[in-house]
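Scroll down for the structure; my scribbles are underneath it.
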Amino acid sequence: MTETRANYVNGEWVSSETGETIDVENPANPSEVVARYQQSSAADAAEAVDAAVDAQDDWATTPGPERGRILREAGTILQERKEELTDSLVAEEGKARPEAAGEVQRAIDIFHYFAVKAADLGGTTKSPSVRRKNLYIRQEPVGVAALVTPWNYPIAIPVWKLAPALAAGNTVVLKPASQAPGVVLDVAEALDEAGLPDGVLNVVTGPGSTVGNEFIENEGTDAVSFTGSSHVGEMVYEQATDAGKRVQTELGGKNPTLVTDSADPAEAADIVATGAFGTTGQSCTGCSRAIVHEDVYDDFVAELVDRAESIDVGPGNDHEMGPQASESELEGTLDYIEIAKDEGATLAAGGGRPEGEAVEEGYYVEPTVFTDVESDMRIAQEEVFGPVVAVLKVSDFEEGLTVTNDVDYGLSASVVTDDHTEANRFVDEAEAGVVKVNEKTTGLELHVPFGGFKRSSSETWREQGDAGLDFYTIEKTVYDNY
Ligand code: NDP
């Protein structure tokens, strides 16, 4: 029987006042309903905010080491449940198993990282201008944080917001993406068992335009952290700033790998293929443009096509590349494939739905390569969010840099080169929040800042590492004369 899962509000598992639920299907086998979730209303969301407001003072004054102990314990509980969480991720989001296991491990590691940070928080002391005065700066929590998250990393992204928010003494209301909310409820369960006081975390499932909207508008929330598409994120930014809230938005990308004439075509193709086709091309940092020097272009394309055609596509549990997360994501990718063909790009690999028994039912698409792409084509400008890479030919490094920056987005960018000067110029001039030399555009370390430039981010605050705590803390300067 299909499990119906409740919201987590004020330490209780509760149903929505609407009495309605929404089914989440398995993208590898859409006739299978994985679980049923509350289709919550604005009133449900408002109740969660009230609980977070009520719990705020007590959590803010809980000693940092105690907050850290709860985060550490939650991480340990998740570690014990890693297999089940991985199963859940594969079933709801469709990821290949090693990718899902890696994502779950990332969430566990983030809890352990911020468990230590919680004890280190406090502030700094400065030398005052007169005797008999203490001059110091305290870091205080911002208050109630509203978190709205996407489906493509359904456990890592909520946790990289949630862990620093809780470590710093904020209470939280969280709306996970409707496509894959299960693992967030599992995280709430782990925190509950670890001893998180009632009301400190509240998770409400339901439509973004209803639950997310209420979290952003409600007077009780002080800060809004959103990750998702640029289209929705830009609306959320306006709405939250109009309501006078602290806001950060991390959004879409159109990430390039520049392949220079000194690059080994096989090595460059490995870097581009893993960046473009990993997680079925559904990473915000996924490589969707390979910008290739004409001297290595033909060899590079041959190697890339070879890799695209050798990827084993099928259910995530036993294949290299899983399905797209939903029918609408699959349709979006197939639409862009038609757009690219109409624009005059050459289809060099893939371009449709794969055939075979294993892939009959799900939302599968072939790893796809387009060549002869010009920078002003839509396939080179717009986020596709599927395993599709556009290859653009350039005649020198300068043109490569120009094309690298010729998009509205600026999340991640990489260069493949043996030339140290070119590598340094790329680092200096690439307009992206993450820049990599001889590495794929995807893959992040958890202890350094992450965020985009241009339309990829509000550029207000960074996530992860020490920078991740800044969003959730506010400084108070104390002049204490004695
Ligand atoms: P969406 O923007 O569609 O949704 C993101 C979240 O916002 C979901 O929880 C959604 O709810 C909610 N939402 C939708 N409409 C509203 C609204 N009007 N008010 C408040 N909340 C709303 O993005 P996707 O989930 O499709 O995620 C994919 C996108 O996320 C891609 O563009 C990708 O590049 C980007 N992304 C960016 C990252 C980064 O760090 N820069 C990292 C990962 C992804 P519901 O699910 O109910 O619709």
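Bear in mind that the values in this text are calculations on the coordinates, not laboratory data. Keep in mind it's a predicted model, so treat the numbers as computed, not measured. Note: ideal-geometry Cβ built from the backbone for every residue, glycine included; neighbour counts use all protein chains shown.
Brief remarks follow.
- Phi angles across segment 193-200 convert, under the Karplus curve 6.51 cos²θ - 1.76 cosθ + 1.60 with θ = phi - 60°, into 3J(HN,Hα) values of 5, 6, x, 4, x, 4, x, 6 Hz, Gly and Pro given as x.
- Given +1 at the Cβ of Lys and Arg, -1 at the Cβ of Asp and Glu and no other charges, the dipole of segment 255-437 around its Cα centre is 380 debye to the nearest 20.
- Relative contact order, percent, segment 255-437 [alpha-carbon distance under 8 Å, six or more residues apart]: 29 percent
- Only Lys, Arg (+1) and Asp, Glu (-1) charged, at Cβ; the chain dipole about Cα centre in debye: 2480 debye
- With a threshold of 22 Å on the Cα-Cα distance, the over-threshold entries among LYS245/LYS476; LYS133/LYS476; LYS82/LYS254 are LYS82/LYS254.
- The amide H of VAL384, built 1.01 Å from its N in the peptide plane, has no neighbour under 5 Å, considering only residues 5 or more places off or on other chains.
- Counting only the Cα atoms, the chain fills a convex hull of 148 Å³ per residue.
- Each of ALA302, ALA266, GLN139 was scored by the projection of its Cα onto the charge dipole of the chain, and the greatest displacement toward the positive side belongs to GLN139; charges sit on the C-beta of Lys, Arg, Asp and Glu.
- Alpha-carbon centroid distance for the pair segment 206-274 / segment 10-73, whole angstrom: 22 Å
- Over all Cα atoms in segment 251-332, the spread is summed up by Rg and Dmax: 13.8, 41 Å.
- Each Lys and Arg adds +1 at its Cβ and each Asp and Glu adds -1 at its Cβ; summed about the Cα centre, segment 138-268 shows a dipole of about 160 debye.
- Unit charges at the beta carbon, dipole of segment 6-63: most positive-side option, PRO63, ALA48, SER15: SER15
- Point-to-point label distance, ASP428-MET1, nm (Cα→Cβ direction, 7 Å offset): 6.8 nm
- Here segment 292-343 and segment 383-425 have alpha carbon centers that stand 18 Å from each other.
- Sorted on the mean count of surrounding Cβ atoms within 10 Å across their residues, most packed first, peptides 261-267, 135-141, 173-179 read 173-179, 261-267, 135-141.
- Sites ASN481 and GLU66 - FRET efficiency at Förster radius 30 Å, r taken between beta-carbons, to 0.05: 0.45
- Contact order, relative form, for the chain: 18 percent (alpha carbon pairs under 8 Å, 6 or more residues apart, mean separation divided by residue count).
- Separation of the VAL448 and ASP306 label points, Cα + 7 Å toward Cβ, nm: 3.1 nm
- For the chain, share of DSSP beta bridges that run antiparallel, in % to the nearest 5: 45 percent
- Measuring between their Cα centroids, segment 97-142 and segment 349-373 lie 45 Å from each other.
- For segment 252-264, the Karplus equation 6.51 cos²θ - 1.76 cosθ + 1.60, evaluated at θ = phi - 60°, returns couplings of x, x, 9, 7, x, 10, 8, 9, 8, 5, 8, 6, 7 Hz by residue, with Gly and Pro reported as x.
- Label-point gap, in nm, between ILE474 and GLU331 - each point 7 angstrom along Cα→Cβ: 4.4 nm
- Hydrodynamic radius of segment 255-437 by the Kirkwood approach over all distinct alpha-carbon pairs: 16.2 Å.
- Karplus 3J(HN,Hα) series, Hz, for segment 74-89 with 6.51 cos²θ - 1.76 cosθ + 1.60 (x for Gly, Pro): 4, x, 5, 5, 5, 4, 5, 9, 4, 4, 5, 5, 5, 4, 5, 5
- Only one residue of LEU401, ASN202, THR477 has its Cα farthest out toward the positive end of the dipole of the chain, where Lys and Arg carry +1 and Asp and Glu -1 on Cβ, and that residue is THR477.
- Amide hydrogen neighbours beyond the local backbone of GLY410, cut-off 5 Å, H modeled: LYS254, PHE453, ARG455, SER456
- In this structure, the amide hydrogen of TYR364, modeled 1.01 Å from its nitrogen in the peptide plane, lies closer than 5 angstrom to those of GLN324, counting only residues at least 5 positions away or on a different chain.
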